[in-house]
Structures are given as C-alpha cells and as structure tokens.
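K.L.:
Below are the structure tokens for one structure; questions will follow.
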Amino acid sequence: MKLATLKNNTRDGQLVVVSRDLALAVKVNDIALTLQQALDNWADIAPKLECVYQALNAGELDNTLTFEQSDCESPLPRAYQWADGSAYVNHVELVRKARNATMPETFWTEPLMYQGGGDAFIGPRDEILVASEEFGIDFESEVAVITDDVPMGATAAETARHIKLLMLVNDVSLRNLIPGELAKGFGFFGSKPSSAFSPVAVTPDELGDAWNGTKVLLPLTTHLNDELFGQPNCGVDMTFDFPTIVAHAAKTRPLGAGCIVGSGTISNYDRSAGSSCLAEKRMLEIIADGKPSTSFMQFGNTVRIEMFSDSGESIFGAIDQKVVQYKKA
C-alpha cells in the first residue's frame, strides 16, 4: 500500500491512497483525514485503506485524482517524534578518520541517535531555505520507518512488528555549525534544519523481496545538480538494522504512533557506489589528498533522492529540492 499527504492549507494535509505506479490517488475522508489519524488507529484503519488500494490499482474507482508529487507534503507533515540513527558505522568511522579521531568501540555495539525537530517538515519538492552558504549546506540521503505504538523496553525482535511504513529522507545538515554545537556536549540543534521525506510512504510488503523484515535491500540513488552522486545499497554494511535502532529509541521510553526513526546516511565500504552526502565525499578527498575539493551546496543547487525497484520503477517518488536563500520577511 502507498500513502501520501496532499497540501490543503492545513497543518496536517489530506491523506490519499496512491496507486502502485504513482499515477493516481484517491481521497479517503470516510476512513481517515490524515496519516497521523490512520496511524493512531492502524489496526482498524489499515485494512480499510488496503481495500481502497487494491480497488485503485484494479481500476475500479471513478473518484480518482492525477497524483502530482509536487502537491505533496511529507507523508507526515509533522510528527510527535523524529529520531535519526546512524546505522552505517562505516560512515561515522570515515568522518572521524579524516580528522584523526579514534572511534570508541561502543560505536559498533550501540547505535548513535539524535532527536530531530518534528514540528515542521518540508515537502519533498519544497525549497531548502538557508540563511547563509557559510553554514555548510549538505544533504543526507536516508531511509526511515514509521511505527505504531512501541512499548518502552521492547526488544529488536518485538519492534519489528511495529514497523508499519517506510519512506525516504533528506536529513538536511549545516556542517559548519555542527562542530560548535557538539563542542558544547549537548548535541545537534541549529545545525539540523527541517528535514524532507519522500512523496509516498509505503507498507513493507510493497518492497517484496527487497524488504527482509529488518533492512531495505536496494540502492538509494542521489543526484546532485542532475549528475549522479551516489547509489550505495541500503542493505549492505548496515551495522544496526531497523528493529535494532527502533529498540534503541524505545529503551527508556515508549514511542507513540507516528514515530519516525531514520537510518542515518547510507554508506558502503565499496566506494565505487558513491556517497549519500557531501561530507562523506569531502572526507574521502581529505584522506586521499589532504584537503577537500568538493564544496558544500550553494544557492541554486539541487538534490534528487529516489529508490527504484529491480524493474526500474520509482517506489517512493522523488525528493527533488533546490537550495534557496532564506530572507526574513
């Protein structure tokens, strides 16, 4: 099943069911007005949405809309919880190596995670507004899951069944603000502006064999200024799978329905696959040449993040954004 949220001048948008080929959509006001409403009552509402989805794909509905990805909010325009992990320790190790920093052994046994701002996500085709290029503007191409209610202390084996939807993420980072924030010993805040998620969120069964219950076994493709930047495989070199990082988030507190948990930047040891953020590419250049040759994003630059099935179909639609200077009104 594929779900999206259309912009409608409200905070939480309009929930729609989207056809498998991303061509059509249908409103489901009689079932749920918003995705959060559906997630709050998932056991009851999901089967009803699935019936609509099957009828939509079979061409049995006459109240359909043409699905325009540019009309979408992020599937959850705001969320009670947005926690982003760092499941690809290869990425963390690389960044630390470039600045000659040792990596604690615990990084291999316990996930890193930060709590992001869930109150104001931006749409997958919305502009990335940043006040200054000096902030070091970067994209981070990731996968995220959405859960229903997860009890505190749930194990990885238990959290697996609480994963209800998957989507893509552009976890925008302002790299030049990060060192100062981390030096204070209190984590990210201003260096992590609003994130954007794919036009569509999908149930795990939509991935078929590409979802093994814990990982997505497909490449994630990123284009920077219309040129291929990277397509590392999400199922390769993932130190902590999704049930593990969800369990980590729920270790000391329950997670409410609609909680979003991200994978962190997708990264493979096979460098021929490219990277999923500029910081990683810059780190590789520092290691090889002593200095970076790739700049961070500039105003007017674009980034496109998309995942394709083995048959070449776009699964989630595309995050496609331009960086634009923010000017206070």
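K.L.:
Treating cross-link reach as a plain straight distance, find the lysines whose alpha-carbon is under 29 Å from the alpha-carbon of K291, omitting any fewer than eight places away in the same chain.
P.N.:
K97, K184, K192, K281, K322
K.L.:
Tell me the chymotrypsin sites (Phe, Trp or Tyr not before Pro) within the stretch 58-125 that lie in a loop according to DSSP and have at most 15 other beta-carbon atoms within 10 Å. The partial results should precede the final answer.
P.N.:
Details: sites: F67, Y80, W82, Y88, F107, W108, Y114, F121; in loops: F67, Y80, Y88, F121.
Taking the stretch 58-125 and a limit of 15 other Cβ atoms within 10 Å, the loop chymotrypsin sites (Phe, Trp or Tyr not before Pro) found are Y80.
K.L.:
Antiparallel DSSP bridges in the chain: what percent, to the nearest 5?
P.N.:
Percent antiparallel among DSSP bridges in the chain is about 90.
K.L.:
Counting Lys +1, Arg +1, Asp -1, Glu -1, what net charge surrounds G213 among other residues with beta carbon under 10 Å of its beta carbon? Numbers along the way, then the final one.
P.N.:
Details: positive: R161, K215; negative: D241.
Net local charge, G213 excluded: +1.
K.L.:
Taking the stretch 146-241, which trypsin sites (Lys or Arg not before Pro) meet the DSSP loop condition and have no more than 15 other C-beta atoms within 10 Å? Provide the component values of the computation, followed by the final result.
P.N.:
On the way: sites: R161, K164, R175, K184, K215; in loops: K184, K215.
Within the stretch 146-241, the qualifying trypsin sites (Lys or Arg not before Pro) (loop, at most 15 other Cβ atoms within 10 Å) are K184.
K.L.:
Using amide H atoms built in the peptide plane, which far-off residues or other-chain residues are under 5 Å from F229 H to H?
P.N.:
T222, H223, L224
K.L.:
Just need the relative contact order of the stretch 82-233 here, percent rounded to a whole number, with Cα pairs under 8 Å and 6+ apart. Present the calculation step by step, with values, prior to reporting the outcome.
P.N.:
Details: 200 pairs, mean separation 30.5, N = 152.
Relative contact order of the stretch 82-233: 20 percent.
K.L.:
Now for a separate question. What list of ³J(HN,Hα) couplings, whole Hz, do you get for the stretch 313-329 from phi and the Karplus terms 6.51, -1.76, 1.60, once you set θ to phi - 60° and write x for glycine and proline?
P.N.:
Result, ordered by residue: 8, 6, 8, 10, x, 10, 7, 9, 10, 10, 7, 10, 5, 7, 10, 4, 5 Hz.
K.L.:
Next up: For I319, which sequence-distant residues (separation of 5 or more, or a different chain) have an amide H within less than 5 Å of its own amide H, given hydrogens modelled in the peptide plane?
P.N.:
I305
K.L.:
Another question, then. Treating each Cα of the stretch 9-154 as an identical point scatterer and ignoring solvent, apply the Debye formula and state log10 I(q)/I(0) at q = 0.08 Å⁻¹.
P.N.:
Values returned for q = 0.08 Å⁻¹ are -0.35.
K.L.:
Run the reach check for K215 against aspartates and glutamates, Cα to Cα strictly under 17 Å, same-chain hits fewer than 8 apart removed. What comes back?
P.N.:
Cross-link targets: D84, E142, E158, D205, E206, D237, D241, E306, D310.
K.L.:
Still on this structure: Only Cα pairs under 8 Å and at least 6 apart count here; give the relative contact order of the chain as a rounded whole percent.
P.N.:
Details: 791 pairs, mean separation 75.9, N = 329.
23 percent.
K.L.:
As I understand it, the value is the acute angle between the Cα axis of helix 42-57 and the longest principal axis of the Cα atoms of the chain; what does it come to in degrees, rounded to 10?
P.N.:
Helix 42-57 sits roughly 80 degrees off the main axis of the chain.
The numbers here are math on the coordinates, done by the rules we state, and not lab data. Since the model is a prediction, treat every value here as computed from it, not as a measurement. Here the Cβ is made from the backbone with ideal geometry for all residues, glycine too, and neighbour counts use every protein chain on show.
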